[in-house]
Amino acid sequence: MKWLVVILVLLFVTLQVKLWVGDGSLADANHLGEKVKQQQEKNKILRERNHSLQAEVRDLKKGLEAVEERARSELGMIKKKNETFYQIVEEKPARK
């Protein structure tokens, strides 16, 4: 009977050690849970960026307004012959 109790106690201690320290332990599960939350946040940000890029692509495919706006703002193009393009360049503050 004593041997049975000793074996059961050793088995219990072994299982407790695996539960708290080994692979798949509670600390390991908590760490993986945190990594999952971080990855979900990154995925959310990337999903929002993808949606905005998809909307921009749809605008560029459907209408000329988006193309015209992009040509004006990024390339400095003008639409009419008597139209004048002014580009304002702000000076960077001098380094000390």
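Of note:
- In this structure, R47 qualifies as farther than 30 Å from V21 by Cα and assigned to a helix (DSSP H, G or I).
- Matching residues, the stretch 65-91, being loosely packed, with under 10 Cβ neighbours inside 10 Å and either at pLDDT 80 or above or in a helix (DSSP H, G or I) (or both): S73, E74, L75, E90, E91
- Hits in the stretch 1-29 (condition: of a type outside the set (V, I, T), in contact with a helix residue (DSSP H, G or I) (Cβ under 9 Å, 6 or more places away or on another chain) and either part of a helix (DSSP H, G or I) or at negative phi (or both)): L19, W20, G22, S25, L26, A27
The values are calculated or read from the model by the stated rules, or taken from the named source; none is laboratory data. In this text the structure is predicted, and so the values were computed from the model without any measurement. When we count neighbours, we look across all protein chains shown, and the Cβ atoms used for this are built from the backbone with ideal geometry, even at glycine.
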